[in-house]
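**Student:** What follows is a single structure, and I will ask about it in a moment.
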2 protein chains.
Amino acid sequence: MPRLDFWFDFGSSYSYPAVMTAEAEAAGRGVRLAWRPFLLGPIFAKQGLTTSPLKANPVKGAYSWRDLSRICAQLGLPFKGEPPGFPQSGVSAARVALVLEEAARPDFVRAVFRAQFGEGQTISDPSVVEAALKSLGHDADAVVAKAVSDGNKLALRRQTEDAERVGIFGAPSFITEDGELFWGHDRMADALDWAAR
Amino acid sequence: MPRLDFWFDFGSSYSYPAVMTAEAEAAGRGVRLAWRPFLLGPIFAKQGLTTSPLKANPVKGAYSWRDLSRICAQLGLPFKGEPPGFPQSGVSAARVALVLEEAARPDFVRAVFRAQFGEGQTISDPSVVEAALKSLGHDADAVVAKAVSDGNKLALRRQTEDAERVGIFGAPSFITEDGELFWGHDRMADALDWAAR
């Protein structure tokens with residue numbers, strides 16, 4: 001079964017429709033997704049950006065929320081508009097996502113994205129991440145303890161360095177086994193088609 | 001017949017697949033396109049950008065040429081990669097496009113875009129614009145003389161001010177009669193669907 005690496009950042013707005021629909025789209029094509037949480041902040045910083053490009057350019061930012069609302073309406077996804085404090089820090093959620101077993105990762109990722117973009121919650125609040133874990137039957141305290149271990153913190157830094165090394169500059173991004181990079185929710189179908197062919 | 005305003009800049013890379021396919025896509029949906037050339041440079045300048053965002057961020061830029069090559073391959077469009085001197089100045093071509101009658105505009109626009117992105121030519125070279133006019137049976141000298149008149153120069157400035165006033169920050173952009181803005185070649189189908197519904 002061909003694999004597609006699926007790179008996302010928990011603060012990234014266009015990662016929301018991608019994480020909510022990727023699994024069904026991949027299954028329909030016989031593609032296996034490898035869910036790779038990473039942090040866009042350090043990559044933006046090396047590009048001289050101190051915040052999301054959607055904050056740096058308010059006209060483009062305002063457009064993007066309208067655009068995303070149209071996408072969510074088309075996909076039937078709940079959407080509350082720009083989340084409080086956008087771009088939110090996804091570091092706690094990313095550490096948890098990384099420490100979970102691969103099979104448990106997609107449900108957790110979707111729960112956190114739904115909380116942020118579908119319900120307007122703040123995912124840097126530890127109780128939001130813990131609630132997502134509990135709703136899925138995890139022992140939240142145990143998972144969070146593992147997530148904040150030095151080893152796992154390092155693993156997320158490594159993951160982010162890997163993202164940069166393979167040329168990722170935004171999220172969501174998709175990389176096929178033969179190294180083809182696709183950026184954006186609007187390229188997800190193309191990435192899956194490429195992986196499946 | 002519903003109208004869709006189609007805003008493009010002659011130096012804009014993603015305007016290329018849009019101008020080459022817009023008319024057929026619009027006809028298929030019973031939508032009339034209003035072709036609106038404008039200049040992105042003055043709008044970028046007000047956003048603090050001194051060049052194309054694809055030049056300002058080389059990693060993103062390199063990706064975008066690969067992305068555009070995939071799009072052109074899918075659409076069967078010739079593509080020579082990043083044109084010399086990108087982003088090229090489209091001011092001469094835009095003045096000519098604006099001074100032509102509306103019915104003659106699409107063919108001229110496509111000829112100039114094909115020269116730049118399909119053949120690697122430099123459209124700020126007057127001979128390239130003149131060759132496009134001649135290939136379509138126009139009296140190139142007469143058209144260019146009208147294009148550089150004070151009245152037409154002013155008309156292009158007004159057109160660019162109009163673009164900014166309606167919230168345009170990139171190209172290609174599409175605006176429906178009910179004021180819905182769509183940005184990017186990858187939103188063209190959505191814009192046409194919105195206009196047609």
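**Student:** Once phi is turned into θ = phi - 60°, what whole-Hz ³J(HN,Hα) does the Karplus curve with 6.51, -1.76 and 1.60 give for every residue of the stretch A:100-108, x standing for Gly and Pro?
**Tutor:** 5, 4, 3, 5, 8, 5, x, 4, 5
**Student:** Next up: Counting only protein heavy atoms, what percent of the accessible surface of the stretch B:135-184 is carbon or sulfur at a 1.4 Å probe?
**Tutor:** Details: 1250 of 2530 Å².
Answer for the stretch B:135-184: carbon and sulfur cover 49 percent of the accessible area.
**Student:** At a probe of 1.4 Å, how much accessible area disappears from chains A and B on forming the pair, both sides counted, to the nearest 100 Å²? Before the final figure, lay out the partial values.
**Tutor:** Working: alone 9520 and 9490 Å², together 17140 Å².
Counting protein atoms only, the buried area is about 1900 Å².
**Student:** Now for a different question. If you plug each phi of the stretch B:69-79 into the Karplus form 6.51 cos²θ - 1.76 cosθ + 1.60 with θ = phi - 60°, what whole-Hz ³J(HN,Hα) values come out, in order, with x for Gly and Pro?
**Tutor:** In residue order, the calculated couplings are 5, 5, 5, 5, 4, 4, 8, x, 9, x, 8 Hz.
**Student:** Would you report the distance distribution of C-alpha pairs in the stretch A:1-95 as whole percents per 5 angstrom bin, up to the bin with the largest distance?
**Tutor:** 2, 12, 19, 21, 21, 14, 7, 2, 0
**Student:** Something else: What Kirkwood hydrodynamic radius do you get for the stretch A:73-158 when you take the inverse of the mean 1/r over all pairs of distinct Cα atoms, in Å? Walk me through the numbers on the way to the answer.
**Tutor:** Values: mean 1/r = 0.0752 Å⁻¹.
Evaluated over the stretch A:73-158, this radius sits at 13.3 Å.
**Student:** Can you give the accessible area per residue of the protein assembly as shown, in Å², using a 1.4 Å probe? Provide the component values of the computation, followed by the final result.
**Tutor:** Working: 17140 Å² over 394 residues.
So the protein assembly as shown comes to 44 Å² accessible per residue, rounded to a whole number.
**Student:** Accessible area drop of at least 20 Å² (1.4 Å probe, protein heavy atoms): which residues of the stretch A:34-81 qualify, relative to the chain alone?
**Tutor:** Output list: A:Gln47, A:Asn57, A:Val59, A:Lys60, A:Tyr63, A:Arg66, A:Asp67, A:Arg70, A:Gln74.
**Student:** So what is the relative contact order of the stretch B:11-136, in percent, for Cα pairs below 8 Å that sit 6 or more residues apart? Let's see the in-between values first.
**Tutor:** On the way: 116 pairs, mean separation 37.0, N = 126.
This gives 29 percent for the stretch B:11-136.
**Student:** Taking only Cα atoms and a 10 Å spring cutoff, compute GNM fluctuations for chain B and point out the largest among B:Ala132, B:Ala163, B:Ala56.
**Tutor:** B:Ala56
**Student:** Continuing with this model, one more query. With viscosity set to 0.692 mPa s and temperature to 37 °C, compute the Stokes-Einstein D of the protein assembly as shown, Rh being the Kirkwood radius across alpha carbon pairs; µm²/s, no decimals. Present the calculation step by step, with values, prior to reporting the outcome.
**Tutor:** On the way: Rh = 22.6 Å.
Using the Kirkwood radius from Cα pairs, D works out to 145 µm²/s.
**Student:** Over its Cα atoms, what ratio of radius of gyration to 2.2 N^0.38 Å does chain B give?
**Tutor:** Numbers: Rg = 15.8 Å, N = 197, 2.2 N^0.38 = 16.4 Å.
So chain B has a normalised radius of gyration of 0.97.
**Student:** Still on this structure, please answer the following. Using a Gaussian network model on chain B with a 10 Å cutoff between Cα atoms, which of B:Pro172, B:Pro42, B:Pro83 fluctuates the most?
**Tutor:** Checking each option, the largest mean-square fluctuation is seen for B:Pro42.
**Student:** Identify which of B:Leu136, B:Leu98, B:Leu77 has the largest mean-square fluctuation in a Gaussian network model of chain B, with springs joining Cα atoms closer than 10 Å.
**Tutor:** It is B:Leu136.
**Student:** Carbon-plus-sulfur fraction of the accessible area of the stretch A:15-61, 1.4 Å probe, in percent? Don't jump to the answer; show the numbers that get you there.
**Tutor:** Numbers: 1170 of 2020 Å².
Looking at the stretch A:15-61 in its full context, I get 58 percent from C and S.
**Student:** Less than 14 Å Cβ to Cβ from A:Gly11, Lys/Arg counted +1 and Asp/Glu -1: what total charge do the surrounding residues give? Spell out each step's value before the answer.
**Tutor:** Details: positive: A:Lys55, A:Arg95; negative: A:Asp9, A:Glu82, A:Asp125.
Local net charge: -1.
**Student:** List the residues, sorted by chain then number, that are 5 or more residues from B:Arg3 or on another chain and whose placed amide H is less than 5 Å from its amide H.
**Tutor:** B:Arg32, B:Glu177
The values are calculated or read from the model by the stated rules, or taken from the named source; none is laboratory data. Just so it is clear, the structure is predicted and the values come from calculations on it, not from any experiment. Every residue, glycine among them, receives a Cβ derived from its backbone with ideal geometry; neighbour counts consider all protein chains shown. With ligands, DNA and RNA removed, areas are computed over all heavy atoms of the protein, side chains included. Shrake-Rupley method; radii C 1.70, N 1.55, O 1.52, S 1.80 Å.
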